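Chemist: Okay, here's the structure, questions in a sec.
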Amino acid sequence: MANLTPERLLSQRSRSVDASGIRKVFDLGAKLKDPINFSIGQPDYDVPPAVRQAAIDAIQSRRNGYTVTQGIAPLCERLAADLKAECGVTSPILVTSGVSGGILLALMAVLNPGDEVVIGDPYFVIYKHAVKLVGGIPVMVDTYPTFGFDLQRYEAAITPRTKMIVLATPSNPTGVVLAEAALRQAADLATRHNLLLLVDEIYNRLVYDTPSPCAASFAPDRTLLLRGFGKSYGMTGWRLGYATGPKFLIDEMTKLQQYTFVCAPSMVQYAGLAALDADISGHVDDYRRKRDLAAKHLAPAFEFAPPGGGFYIFPKVPERFANATEFATNAIERNVLIIPGGVFSERDTHFRLSYATSNEKIVKGCEILCALASGE
């Protein structure tokens, strides 16, 4: 009898995707004693008390069963009202199991095998690999060194097989926020080429300089806007996001959610409703100061695009290192955890630093990285 081997059993789709490089660093960090952890992609503050209590109340009130697939009515109605006030859009709402769940549903709904998706490089890891998992082809657009939206580069990447453009603002891993002019250009580009514009705004509440415009405002008939609660409210493990966009697409994603995620966690949806009334302005101010602190201490040794949101900086590795993986390996040997840029990019020239940690560790860790960069 033949052995059941990975080659025999596992799909080519699954085998074509590597394990997340971020998770590999997380696993390594668990083995270190009190590391300076710049690798974590979540805030270091807890869920607001009122939001935690809302989840507890929902559990105690026995709201533990399935909800309707699209999400509980009070949450959907509140999100729709808020989006109309902010963005002027009246598109339907689908509550999802995190923004990642929304991305996967959208790709499943839109892509046929061989369809292309244009993605800015660097990118959040799920974009490229989720496209491949559903049979699509990711087409990368080099956005170095500013990580903005270059209209000519994006337009050059479009072919007759293109179905979608993916943008993120603020960006993970760069922290760059796209200006209104860039979002207008992206919307015009999608309109001229009859494409869907998918915009990931998971960090939309964590913006530190000029306000981040709502991407859905410029081409609502072809923009799928994805937002979530995890990053802003410290509830990353609760898996709550939402999508809004063209009705036919939201309807299709809702149908697919019935056969995959079923619904977002019931008690978390009630907590999400409470989160919309929570004041996180103190955290935003705190993270603005953390951003400034990290940037100040990295500037003597590194080049980086100014980050305007989220909690990331994406510095360039000094040329004396072969690549960012070598630099990150040396940093980890000094008890500082960072993510090499090759995890997020087709090139390995930068590294991602998350400043979602204490001010003391930001200063100490940046000093270690600067000393490493200078050869000390």
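Only the coordinates and a few stated rules stand behind these numbers; no lab work does. Since we're looking at a predicted model, the values are computed, not measured. For neighbour counting, all protein chains shown are included, and Cβ atoms are generated from backbone atoms with ideal geometry for every residue, glycine included.
Chemist: Give the cysteines in the chain for which no other Cys Cβ lies under 4.7 Å away, or write none if there are none.
Modeler: C76, C263, C366, C370, each lacking another Cys Cβ under 4.7 Å.
Chemist: Separate question: Note down the nm distance, to one decimal, between modelled labels 7 Å out along Cα→Cβ at T5 and at E180.
Modeler: 6.1 nm
Chemist: May I pose another question? Using the Kyte-Doolittle scale, find the helices of the chain whose mean hydropathy is at least 1.6 and whose Cα atoms extend 15 Å or more along the helix's long axis, counting only whole DSSP H runs.
Modeler: Counting only whole DSSP H runs, the qualifying helices are 98-110.
Chemist: Quick one: of K33/K290; K247/K290; K128/K296, which pairs are farther than 30 Å apart, Cα to Cα?
Modeler: Beyond 30 Å: K247/K290; K128/K296.
Chemist: Using the basic label-point model (7 angstrom from Cα toward the beta carbon), what is the A85 to S16 distance in nanometres?
Modeler: Taking the simple label geometry, A85 and S16 are separated by 4.5 nm.
Chemist: Let me ask another. Considering amide H positions built from the backbone, and no H for Pro or chain starts, which residues 5 or more places from G71, or on another chain, come under 5 Å of its amide H?
Modeler: When sequence neighbours closer than 5 places are left aside, the close amide H contacts are V95.
Chemist: Okay, next question. Would you mind ranking S100, S14, S345 by Cβ crowding within 10 Å, fewest neighbours first?
Modeler: The order, fewest Cβ neighbours first, is S14, S100, S345.
Chemist: Further question: Take the alpha carbon atoms of region 141-178, find their center, do the same for region 305-376, and report the distance between the two centers in whole angstrom.
Modeler: Spelled out, the Cα-based centre of one part sits 23 Å from the other.
Chemist: Taking one equal scatterer on every alpha-carbon of the chain, how large is log10 of I(q)/I(0) by Debye at q = 0.09, 0.10, 0.11 1/Å?
Modeler: For the requested q values the scattering log ratios are -0.53, -0.65, -0.79.
Chemist: Sticking with this one: What number, rounded to the nearest 500 deg cm²/dmol, is the helix-based mean residue ellipticity at 222 nm of the chain, given -39500 (n - 2.57) per DSSP H run of at least four residues and division by all its residues?
Modeler: -12000 deg cm²/dmol, from helical runs alone.
Chemist: Net charge near L79, counting Lys/Arg +1 and Asp/Glu -1 over other residues with Cβ under 15 Å of its Cβ?
Modeler: Residues close to L79 contribute a combined charge of -1.
Chemist: I would also like to ask the following. How far is the Cα center of region 199-236 from the Cα center of region 82-98, in Å?
Modeler: 11 Å
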